[in-house]
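Below: the structure, in structure tokens.
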Amino acid sequence: MSEEIENTEGENINPEALHNAVSLSGLYENWFLDYASYVILDRAVPHIHDGLKPVQRRILHSLKEMDDGRFNKAANVIGNTMKYHPHGDASIGDAMVQIGQKNLLIDTQGNWGDPITGDSAAAPRYIEARLSKFALDVVFNPDTTEWQSSYDGRNKEPVTLPVKFPLWLAQGADGIAVGLATKIMPHNFNELIDGSIEVLKGNRPDLLPDFQMGGMADFSNYNEVLSRNSPEDYKKLIDKPMSSITRFDLKKSDEQLLALETEIKEVNKNLKHLTDYAIAWFEKLKAKYGAGRERKTEIRAFDRVEAAKVALANVKLYMNREDGFIGTGLRKDEFICDCSDLDEIIVFKEDEEEDDEVIVDSAESNENDTEEAGLQQATPISKLARDLEEADGKEDAEDESSKKSLQKKYLLKRKI
């Protein structure tokens with residue numbers, strides 16, 4: 001046994017094997033990049049071609065697969081979507097509710113919650129959904145769709161949907177991935193169509209966000225980055241062979257051929273004038289679906305507001321003279337005045353004897369500057385007011401003289 005250990009220790013290690021070895025840190029780096037790429041591409045960030053995250057795309061594909069014109073239980077849609085989305089029913093249900101609340105791609109029935117109040121939707125077994133007419137017109141075209149196998153290889157799902165509308169700007173998007181995040185503001189339906197037409201004409205439109213809940217927004221410093229949207233995909237023409245020549249109807253065949261020739265001419269014309277065709281497409285979308293989708297957010301410039309000027313005097317100031325405390329919580333002590341949370345309080349305090357001397361000296365002085373300086377350090381105006389009220393009830397000559405002196409002090413204090 002000891003000989004085997006000695007032989008093992010004496011073996012020479014191949015330098016080439018050490019050179020080709022991958023360090024542990026290198027493995028972690030590769031694994032992390034793979035994980036980050038997966039989260040970015042398959043979970044959090046919408047694809048620029050159709051503006052949809054994978055879960056949203058799978059929900060729409062599932063709704064199209066189940067579409068018969070009637071409403072489907074949301075629970076059934078979630079179950080069918082799980083054929084394509086491996087991350088559980090909760091993520092599918094939440095994403096479906098968000099699509100439904102935006103009132104564009106899905107017609108809803110039941111309590112789908114309210115994004116304004118924050119109320120959540122009812123359970124999936126109680127709510128129903130189907131594709132909207134807009135989604136059926138704009139989102140799907142199996143002839144121009146690129147397909148891929150689902151996660152388990154049993155089904156086919158679209159890589160992206162051939163959306164003929166800037167959906168990612170219309171709905172907006174939020175997503176946090178690994179090392180990457182996305183934040184796209186929602187925009188107005190009609191303004192996006194007008195902007196798309198301007199882009200097709202070679203102009204750069206000025207688009208501003210429009211929020212579903214309305215309100216006011218200041219876009220003075222808003223910088224819009226506009227990506228040009230591709231025009232409508234080329235339509236594939238499919239030659240339809242005759243299935244049975246034994247029942248051949250010459251008249252019907254001529255009508256079909258004439259219709260095909262007319263369609264081919266129309267398609268060739270549209271291909272030659274693709275920009276005009278795309279403009280007509282967007283104009284048709286606006287005329288068909290634009291009603292009721294006017295801008296909700298008011299665009300305006302906000303004036304600079306100073307908080308101190310608009311603050312309300314919503315608190316009361318109290319003073320405890322005996323213990324030397326002042327504040328808004330001393331409700332059992334002397335009330336001073338109303339004030340706001342932003343006010344600053346300055347208190348000048350001296351001994352009572354010095355206050356009396358200063359008041360007397362300042363009252364007998366003939367120089368206004370001396371009187372004002374004395375009263376700045378004298379008895380507070382609230383005490384002068386109380387003394388003046390007490391003097392009003394006395395009628396003898398000595399009290400009348402004292403009353404006039406108090407009035408003079410009070411007026412000077414008010415002036416200060």
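We did not get these values from a lab; they are worked out from the coordinates using the rules stated. On a predicted model such as this, the values are computed, not experimentally measured, just so you know. When we count neighbours, we look across all protein chains shown, and the Cβ atoms used for this are built from the backbone with ideal geometry, even at glycine.
Quick notes
- Förster-model FRET efficiency, 45 Å R0, ASP206 and ASP114, C-beta, rounded to 0.05: 0.90
- In this calculation the C-beta distance from LEU312 to ILE346 is compared with R0 = 22 Å, giving a FRET efficiency of 0.55.
- Between TYR222 and ARG295, the contour length at 0.36 nm per residue exceeds the Cα-Cα span by 24.5 nm.
- Cut-off 15 Å between beta-carbons: net charge of the residues surrounding GLY290, Lys and Arg +1, Asp and Glu -1: +1
- Cut-off under 5 Å, modelled amide H: who pairs with ARG130 long-range: ASN72, ASP107
- Counting only the Cα atoms, region 28-184 fills a convex hull of 127 Å³ per residue.
- Inter-centroid distance (Cα atoms) of region 113-135 relative to region 251-309, Å: 27 Å
- Which listed pairs, of LYS64/LYS288; LYS53/LYS288; LYS164/LYS272; LYS64/LYS252, have C-alpha distances above 29 Å, in listed order: LYS64/LYS252
- In order along region 261-274, the phi-based Karplus estimate (6.51 cos²θ - 1.76 cosθ + 1.60, θ = phi - 60°) of 3J(HN,Hα) comes to 4, 5, 5, 5, 4, 5, 5, 4, 5, 5, 5, 6, 10, 5 Hz; Gly and Pro are listed as x.
- Among the listed pairs LYS102/LYS284; LYS133/LYS296; LYS265/LYS286; LYS73/LYS286; LYS102/LYS286, those whose Cα-Cα separation exceeds 28 Å are LYS73/LYS286.
- Between LYS269 and TYR151, the distance separating the two model label sites (each 7 Å from Cα on the Cα→Cβ line) works out to 4.9 nm.
- Environment charge of SER149, counting only residues whose C-beta is closer than 10 Å and scoring Lys/Arg +1, Asp/Glu -1: 0
- Note, ³J(HN,Hα) from phi for region 320-333, Karplus 6.51, -1.76, 1.60, rounded to Hz, x at Gly and Pro: 10, 5, 5, 9, x, 10, 9, x, 8, x, 8, 5, 8, 9
- Calculated FRET efficiency for the pair LYS288/ALA36, C-beta based, R₀ 45 Å, to 0.05: 0.60
- Sparsely packed loop sites in region 84-162 (the trypsin sites (Lys or Arg not before Pro) outside DSSP H, G, I, E and B with at most 12 other Cβ atoms within 10 Å) comprise ARG125, ARG154.
- Within-13-Å neighbourhood charge of GLU65 [Cβ basis; K, R +1; D, E -1]: +3
- Prolate/oblate/rounded call for region 112-203, Cα gyration tensor, a/c under 1.5 rounded: rounded
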